[in-house]
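Let me begin by presenting the structure, written as structure tokens, before commenting on it.
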There are 2 protein chains.
Amino acid sequence: MKIEQELQTGKFRNEQHKASLNIMFTAYVLHRSVAAALKPFGITPEQYNVLRILNGKRADKLCVKDIAGRMIERSSNVPRILDRLENKALVSRERSPEDGRESLIGITPKGIELVENMTEAVEKNAHVLALTDSEAWTLNELLDKSRG
Amino acid sequence: MKIEQELQTGKFRNEQHKASLNIMFTAYVLHRSVAAALKPFGITPEQYNVLRILNGKRADKLCVKDIAGRMIERSSNVPRILDRLENKALVSRERSPEDGRESLIGITPKGIELVENMTEAVEKNAHVLALTDSEAWTLNELLDKSRG
DNA sequence: GCACAATAAATGTATATACATGTATGTAAA
DNA sequence: TTTACATACATGTATATACATTTATTGTGC
């Protein structure tokens, strides 16, 4: 469905403004889709992203700012997301011996197992962009360029 | 900057997956930019969207679900956003005489003035996609198609 | 007319973001 | 060495989203 129909309006200042709303709306749809795929696991997309980042760096433990730098939302919320994951025994947290200000975060075996199951569910159930490889490539180019 | 650099990773399942993360990251950047432009007014992007929708339909009052249907996030949060706008005397809310379940929402003169000032600030200060008209058009086509 | 389902909105709870602030630790300059 | 500043993280508050539930009203079938 076209963005005009989705937002029930045709009032866009220009093609760029329309594209801005289109990006935000499409992001919302994607987020909803991932959230739905993760719901049976009781994990939010943000918590899943943290687990995926930790799983991808299983060898070396990461500190909070390393995780934040790899997330879509560079929020100050990572400590609280880690609180919830720690409560579920999916991650471990310890003080860094080299720098006492840093926390070293690792994924637990339970976390690894869960993240693998969740990734399977997301790949199977979440919305995949209905684009050819070539279209997706063009989209990536345009988005990278759009951020200026 | 390319999305690989932004998220400090090259691990994408495919070009579509990469584009999904790219869309969500770009949406986040745009949202931040609008939020920053609105900050001096003490209004959030979501509150601004509601005001813009009401301002665009100044003639006929809208009910809550009309507003929700025009928003990017079709959340159940509209009543609470309206609470905040009503507290600031930017919108009015009354029971519909035709259907007692509905609220009729209108924008106040104070709201109209504010939304016009804010629109000016957003157009001046918020990030505009660094794309040509033709590129923005292609981006819109790809996004519309991507949602399937 | 009345019981029951559907609809519109509001509300409660958990989690997330934004921003300001607090606390501990590290680093560098006086 | 002591003071000042910076860094990393944690925390508090306001606002937002997701989802379930509640309340009020409307519409429908009997």
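Pick from the stretch B:75-88 the residues that are assigned to a loop (DSSP other than H, G, I, E, B) and open to solvent by 50 Å² or more (accessible area, probe 1.4 Å): which of them is modelled with the lowest pLDDT?
Narrowing the stretch B:75-88 to residues assigned to a loop (DSSP other than H, G, I, E, B): B:75-77, B:88.
Next cut, open to solvent by 50 Å² or more (accessible area, probe 1.4 Å) only: B:76-77, B:88.
Working: B:76: 76, B:77: 89, B:88: 96.
Among those residues, the one meeting the criterion is B:76.
Looking at the stretch B:96-112, is at least one residue farther than 20 Å from residue A:9 by Cβ, more than 15 Å from DNA strand C (Cβ to nearest atom), surrounded by 18 or more Cβ atoms within 10 Å (Cβ to Cβ) and not charged (D, E, K, R)?
First, the residues of the stretch B:96-112 that are farther than 20 Å from residue A:9 by Cβ: B:96-103, B:108-110.
Next cut, more than 15 Å from DNA strand C (Cβ to nearest atom) only: B:108-110.
Filter once more, so that each one left must be surrounded by 18 or more Cβ atoms within 10 Å (Cβ to Cβ): none.
Checking the stretch B:96-112: not a single residue is farther than 20 Å from residue A:9 by Cβ, more than 15 Å from DNA strand C (Cβ to nearest atom), surrounded by 18 or more Cβ atoms within 10 Å (Cβ to Cβ) and not charged (D, E, K, R).
Scanning the stretch A:7-31 for residues that are free of Cβ contacts under 8 Å to residues at least 60 places away in the same chain and within 19 Å of residue A:128 (Cβ to Cβ) turns up A:22, A:25, A:26, A:27, A:28, A:31. Of the helices (runs of 4 or more DSSP H) lying entirely inside the stretch A:1-74, those containing at least 2 residues that are facing another protein chain (nearest Cβ under 9 Å), surrounded by 16 or more Cβ atoms within 10 Å (Cβ to Cβ) and touching a Ser or Thr at 6+ places or on another chain (Cβ under 7 Å) span A:15-38. Just checking, does the stretch A:32-42 include any residue being in contact (Cβ under 8 Å) with a residue 60 or more places away in the chain and within 17 Å of residue B:22 (Cα to Cα)? The answer is yes, given that some residue of the stretch A:32-42 is in contact (Cβ under 8 Å) with a residue 60 or more places away in the chain and within 17 Å of residue B:22 (Cα to Cα).
The values are calculated or read from the model by the stated rules, or taken from the named source; none is laboratory data. Note that this is a predicted model, so its numbers are computed, not measured. Glycine gets a Cβ as well: all are built from the backbone with ideal geometry, and neighbour counts include every protein chain shown. We work out accessible area using only protein heavy atoms, side chains counted, and drop any ligands, DNA or RNA first. Shrake-Rupley method; radii C 1.70, N 1.55, O 1.52, S 1.80 Å.
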